[in-house]
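Remarks on the structure that follows.
The values are calculated or read from the model by the stated rules, or taken from the named source; none is laboratory data. If you're wondering where the values come from, they're calculated on a predicted model, not measured in any experiment. Heads up, the Cβs are rebuilt from the backbone with ideal geometry, glycines too, and the neighbour counts pull from every protein chain shown.
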Ligand SMILES: Nc1nc2c(ncn2[C@@H]2O[C@H](COP(=O)(O)OP(=O)(O)OP(=O)(O)O)[C@@H](O)[C@H]2O)c(=O)[nH]1
Ligand SMILES: [Mg+2]
């Protein structure tokens with residue numbers, strides 16, 4: 001049930017030039033890199049997740065790099081981060097012995113590590129060290145396939161390197177006892193490095209502009225095609241590509257690996273109802289996505305911004321599915337996805353939930369018009385989703401202006417939850433709300 005490919009495939013890594021963090025999984029190495037994963041659980045920075053789950057995710061991230069052998073992992077509890085070594089001296093010494101015994105070559109620290117801490121720890125342990133941002137950048141660099149993807153990752157890596165230069169420099173300055181320190185070999189070198197990075201950034205931006213303009217043209221011609229765009233979004237490994245493949249009959253790489261998909265893929269699909277839509281598979285989200293990457297991938301996620309319907313795919317069997325959903329919602333908001341874009345939740349991997357919990361999820365989803373419990377793997381629950389996606393575009397929508405009193409918070413909340421609000425203003429009598437909705441939604445509203 002698929003139409004020819006809509007995506008703009010481009011040769012990989014053509015014209016690729018440096019600027020990335022050193023590749024730790026080079027093709028030249030025959031032996032896999034022996035890596036150890038540490039998750040610093042800093043008491044003053046507790047998140048809403050369990051440190052054990054965070055460690056598990058960090059291990060999965062590490063495993064997403066090619067040629068990597070994870071020889072150990074550990075949560076390190078810390079009252080607070082130590083400025084020089086991050087960890088306490090006793091812990092650093094203990095780890096040194098373990099790393100030597102295990103012949104560890106790479107230590108992955110799941111959190112921010114300052115350039116100074118990195119340098120000190122690398123020297124102390126005799127290893128190469130990557131922090132969370134560095135690790136995610138490495139994975140992205142490994143995955144990028146389209147020209148735009150490659151350029152964007154390069155840009156993100158450069159801006160990451162640049163902040164590290166700046167921070168190293170401020171630190172040096174402080175060590176030398178103060179402000180007003182001008183000249184000095186260290187600073188000149190860093191200034192030069194910084195200038196070199198800035199020049200490279202400008203060059204990449206220019207190349208990127210060109211690529212984006214071409215894509216704009218593609219998109220403009222696509223817009224003329226009267227097919228609605230349906231975008232799959234969700235936490236990494238939630239099953240977006242698996243669902244995409246199931247719906248389109250395509251063979252996009254779907255793998256038990258974080259960030260299996262990087263570049264967006266689009267395809268025309270004819271739904272069982274006969275309705276044609278364009279389905280878009282996108283990069284997965286993750287908690288604490290490096291800010292550099294959020295900025296860089298905004299463009300790649302433009303399809304999501306323009307989508308007529310967003311399917312938020314969730315791994316409903318994951319112990320932290322709620323936290324993941326909250327992260328996705330946050331990132332969507334920071335990307336500027338408007339509340340007016342209708343959103344369905346897809347509770348995926350239903351096959352992994354057994355017994356009464358399974359039944360409960362199905363019943364819960366059935367009570368809502370915008371939630372679908374299914375398994376992209378077995379196909380259970382899929383027909384209902386396809387039907388709803390189709391119906392979302394078949395139903396005629398009308399525009400109305402409503403005025404709600406200030407006390408009518410319940411109805412206002414309902415309108416927002418339905419995603420039908422297109423504009424809103426405060427007046428003397430209350431809220432003037434413009435909505436665009438189906439006859440069915442209007443009826444349900446009147447029944448509230
Ligand atoms: N049991 C089960 N496994 C599933 C289901 N859907 C996907 N998976 C598995 O989950 C893993 C991740 O699936 P993908 O489709 O690659 O996930 P994704 O959301 O595209 O991940 P990224 O591209 O990394 O963001 C794969 O091993 C899939 O086989 C499902 O419904 N049930
Ligand atoms: Mg994928």
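Kindly establish whether residue 109 is surrounded by fewer than 20 Cβ atoms within 10 Å (Cβ to Cβ), under 27 Å from the mean Cα position of the chain (by Cα), modelled with pLDDT of 95 or more and within 27 Å of residue 289 (Cβ to Cβ).
No; evaluated as a whole, the condition is false for this residue.
What residue, of 310, 316, is under 25 Å from residue 56 (Cβ atoms), modelled with pLDDT of 85 or more and surrounded by 22 or more Cβ atoms within 10 Å (Cβ to Cβ)?
One residue alone meets the criteria, 316.
Could you identify the single residue in 329, 365, 322, 392 that is at pLDDT below 90, part of a helix (DSSP H, G or I) and either over 30 Å from residue 49 (Cβ atoms) or assigned by TED's automatic domain parsing to the domain that holds residue 301 (or both)?
392
Which pairs have Cβ atoms under 9 Å, sit 6 or more apart or on different chains, and link a residue in segment 244-258 that is within 14 Å of residue 232 (Cα to Cα) and more than 6 Å from ligand 1 (Cβ to nearest atom) to one that is modelled with pLDDT of 90 or more and in a loop (DSSP other than H, G, I, E, B)?
Going by the 9 Å Cβ cut-off, the qualifying pairs are 244/376; 245/376; 246/376; 246/377; 246/379; 247/376.
Out of all the residues in segment 86-106, which are crowded, with 18+ Cβ neighbours inside 10 Å and under 17 Å from residue 33 (Cα atoms)?
Answer for segment 86-106, where residues must be crowded, with 18+ Cβ neighbours inside 10 Å and under 17 Å from residue 33 (Cα atoms): 99, 104, 105, 106.
What are the residues in segment 341-373 that are over 17 Å from residue 275 (Cβ atoms) and in contact (Cβ under 8 Å) with a residue 60 or more places away in the chain, if any?
341, 343, 346, 348, 349
Any idea which residue in segment 238-278 is farthest from the chain's Cα centre (by Cα), counting only those that are within 11 Å of ligand 2 (Cβ to nearest atom) and not in a loop (DSSP other than H, G, I, E, B)?
Filtering segment 238-278 for residues that are within 11 Å of ligand 2 (Cβ to nearest atom) and not in a loop (DSSP other than H, G, I, E, B), the one farthest from the chain's Cα centre (by Cα) comes out as 245.
Based on this model, can you work out whether residue 384 counts as more than 18 Å from residue 233 (Cβ to Cβ), in contact with a strand residue (DSSP E or B) (Cβ under 9 Å, 6 or more places away or on another chain) and assigned to a helix (DSSP H, G or I)?
yes
What are the residues in segment 260-274 that are within 10 Å of ligand 1 (Cβ to nearest atom) and either surrounded by fewer than 22 Cβ atoms within 10 Å (Cβ to Cβ) or over 23 Å from residue 139 (Cβ atoms) (or both), if any?
Correct list: 260 only.
Out of segment 227-241, which residues are surrounded by fewer than 21 Cβ atoms within 10 Å (Cβ to Cβ) and closer than 23 Å to residue 326 by Cα?
If the condition is that a residue be surrounded by fewer than 21 Cβ atoms within 10 Å (Cβ to Cβ) and closer than 23 Å to residue 326 by Cα, then no residue fits.
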